[in-house]
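Presented below is the structure to which this report refers.
The values are calculated or read from the model by the stated rules, or taken from the named source; none is laboratory data. These numbers were taken from a predicted model, which means no experiment stands behind them. Note that we place each Cβ from the backbone using ideal geometry, even for glycine, and neighbour counts take in every protein chain shown. Accessible surface is based on the protein model in full, side chains and every heavy atom, while ligands, DNA and RNA are left aside. Shrake-Rupley method; radii C 1.70, N 1.55, O 1.52, S 1.80 Å.
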Amino acid sequence: GSCRHRCCPGRNNACWAPSARRARCYCDSYCQRTGDCCQDYHATCRHAAVGCSVGPWGPWSGCSSPCGVGSRARSRQVTVPPQHGGEPCPDLKQRRGCLGEHPTCGTAK
């Protein structure tokens, strides 16, 4: 089995591959304790996996429509990118609906 595409920190039973003997071998760091690491675990996962970390959400933007239905958006930045098969980044952008209520909306013809 091969760990080329995934190395996981801690005990993670989702990080496995089929071994040459058709059994499961693991690519999580716990496999070193249990002795069931994939053949290339030490070469591929010699660095500990690092999961993605993100900063706080920024403020919501103004409504995209001054009158009527529109949308607002906000975003956040990656502070630590995933490395060595760590957890991928969550969504960095969010969008939600809004209703523009500019004072001139009722007077527009």
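Given the options Gln39, Gln77, name the one that is under 21 Å from the mean Cα position of the chain (by Cα), open to solvent by 60 Å² or more (accessible area, probe 1.4 Å) and not aliphatic (A, V, I, L, M). Within the list Gln39, Gln77, the selection yields Gln77. Output yes when any residue across region 54-62 is open to solvent by 50 Å² or more (accessible area, probe 1.4 Å), farther than 30 Å from Arg22 by Cβ and either of a type in the set (Lys, Arg) or in a strand (DSSP E or B) (or both), and no when none is. No: zero hits.
For every residue, the table says whether it meets (1) modelled with pLDDT of 90 or more; (2) not charged (D, E, K, R).
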residue: Arg11; (1), (2): no, no
residue: Gly58; (1), (2): yes, yes
residue: Gly70; (1), (2): yes, yes
residue: Ala73; (1), (2): yes, yes
residue: Arg76; (1), (2): yes, no
residue: Gly85; (1), (2): no, yes
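Going by the conditions given, is Gly55 over 12 Å from the mean Cα position of the chain (by Cα), within 30 Å of Ser29 (Cα to Cα) and in contact (Cβ under 8 Å) with a residue 24 or more places away in the chain?
Values: over 12 Å from the mean Cα position of the chain (by Cα): yes; within 30 Å of Ser29 (Cα to Cα): yes; in contact (Cβ under 8 Å) with a residue 24 or more places away in the chain: yes.
So Gly55 fits the description; yes.
Restricted to region 13-29, and to residues there that are farther than 19 Å from Pro82 by Cα and open to solvent by less than 60 Å² (accessible area, probe 1.4 Å), the residue that is modelled with the lowest pLDDT is Ser19.
Taking first residues from region 13-37 that are part of a strand (DSSP E or B) and partners that are of a type in the set (Ser, Thr, Tyr) and surrounded by 13 or more Cβ atoms within 10 Å (Cβ to Cβ), the Cβ contacts under 7 Å between residues at least 6 apart in sequence or on separate chains come to Trp16/Tyr26; Ala17/Ser2; Cys25/Ser19; Cys37/Tyr26.
Here is a yes/no grid of residues against (1) in contact with a strand residue (DSSP E or B) (Cβ under 7 Å, 6 or more places away or on another chain); (2) among the charged types (D, E, K, R); (3) more than 30 Å from Cys8 (Cβ to Cβ):
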site: Gly55; (1), (2), (3): yes, no, no
site: Trp60; (1), (2), (3): yes, no, yes
site: Ser64; (1), (2), (3): yes, no, yes
site: Arg72; (1), (2), (3): yes, yes, yes
site: Val80; (1), (2), (3): yes, no, no
site: Gly97; (1), (2), (3): yes, no, yes
